[in-house]
Amino acid sequence: IVLILLGVGGVAYTFSTLADYIVAGELNGFLRRQRMMRDISKLRRHYIICGYGRVGQQVTQGLRANKYDVVVIDAVEDHVAEFEAQGIYYVIGDAASDPVLQQAGIEHASGLCTCLPSDATNVFVVLSSRTFNPELFIISRSNLPESERKLRIAGANQVINPYTITGHRMAAQLLHPSVVEFLDVIMRAGDLELRIEEIKVGEKSTMNGRSLADCNVRGDTGVNVLAIRRHNGQLYTHLPAAFVLNTGDTLIGLGTQPQLSLLAQRAADERHALHVQAPHAA
């Protein structure tokens, strides 16, 4: 009888300990997620990545390597351990769902990249995101050429077919290997001295309404202006001295971080990560 009682007691103790462990683990996980959601709610000008497949992983790594705040939306709970191990903010759910986008801080985000394998789902994500944040910069993956028009109508600023980009990259690597390597280095190395960034001309900027010659950008800041994108989206790479800058124009400049910061102050607007898709990007 004593042995039976001891056996029953041992089993009961084991189950009790196991239950406590499970409850404690679930509680710790719950509290950890609550802290993360509070942190996400405080983010401003961050980037949201929808889908953590092979493309989404590369986008996330690229942004985090350059010290940008990222929130990943993914429907696969198996990725949670990886997110937590790497310190990645995440929301588990359907990226086309309004509550899920709100949990990721869509209203305060600077940009969103939807990398989902379904073009139809990407259209819904773009539509919902644009509704919440009219100023959001949206990039969408497209698997079929005929989907590009639909995604742009839905509100995507840029639509990228990974197969097309890969082909362009490989062709450029064959024809201009040194140029591609140079662009690859300055675009991906966050600690490199030279950087390419884009700087928008603000409404109250002293550069507004003045020519490049009058602004003397290179002489005053040391930044080389490689191209200018007008507010209507037209890109200019041939820049005569008489080229006049207007509110909303985006200067694509090459320089050191201090030089680019100085130009950003003159432009009276914030710098953003380069949105122009260079031909070398994969």
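The values are calculated or read from the model by the stated rules, or taken from the named source; none is laboratory data. Everything quoted here is computed from the prediction, not taken from an experiment. So basically every Cβ, Gly included, is an ideal-geometry build from the backbone, and we count neighbours across all protein chains shown.
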Checked pairs for segment 146-175, first modelled with pLDDT of 90 or more, second of a type in the set (Ser, Thr, Tyr) and loosely packed, with under 15 Cβ neighbours inside 10 Å, C-beta under 8 Å and 6 or more apart or across chains, list as none
Out of (1) surrounded by fewer than 16 Cβ atoms within 10 Å (Cβ to Cβ); (2) touching a strand residue (DSSP E or B) at 6+ places or on another chain (Cβ under 7 Å); (3) modelled with pLDDT of 90 or more, what's the single condition that is false for Val223?
(1)
Step by step: first the residues of segment 84-108, then only those that are among the charged types (D, E, K, R) and surrounded by 14 or more Cβ atoms within 10 Å (Cβ to Cβ), then the one that is modelled with the highest pLDDT. Which residue is that?
Asp94
Report every pair of residues separated by at least 6 positions or lying on different chains whose Cβ atoms are under 6 Å apart, first residue within segment 100-118 and under 10 Å from Ser41 (Cα atoms) and in the same structural domain as Ala75 (by TED's automatic domain parsing), second surrounded by fewer than 24 Cβ atoms within 10 Å (Cβ to Cβ) and of a type in the set (D, E, K, R).
His108/Arg44
Can you tell which of Asn161, Asn133 is under 21 Å from Tyr52 (Cα atoms) and more than 14 Å from the chain's Cα centre (by Cα)?
Asn161
Tell me, which helices (runs of 4 or more DSSP H) wholly within segment 173-257 include 2 or more residues that are over 15 Å from Ala267 (Cβ atoms) and touching a Leu at 6+ places or on another chain (Cβ under 9 Å)?
177-188
Do you know which of the residues in segment 24-77 that are in a helix (DSSP H, G or I) and β-branched (Val, Ile, Thr) is nearest to Ala109 (Cα to Cα)?
Ile40
Output yes when any residue across segment 212-227 is in the same structural domain as Asp249 (by TED's automatic domain parsing), without any contact (Cβ under 8 Å) to a residue 40 or more places away in the chain and β-branched (Val, Ile, Thr), and no when none is.
yes
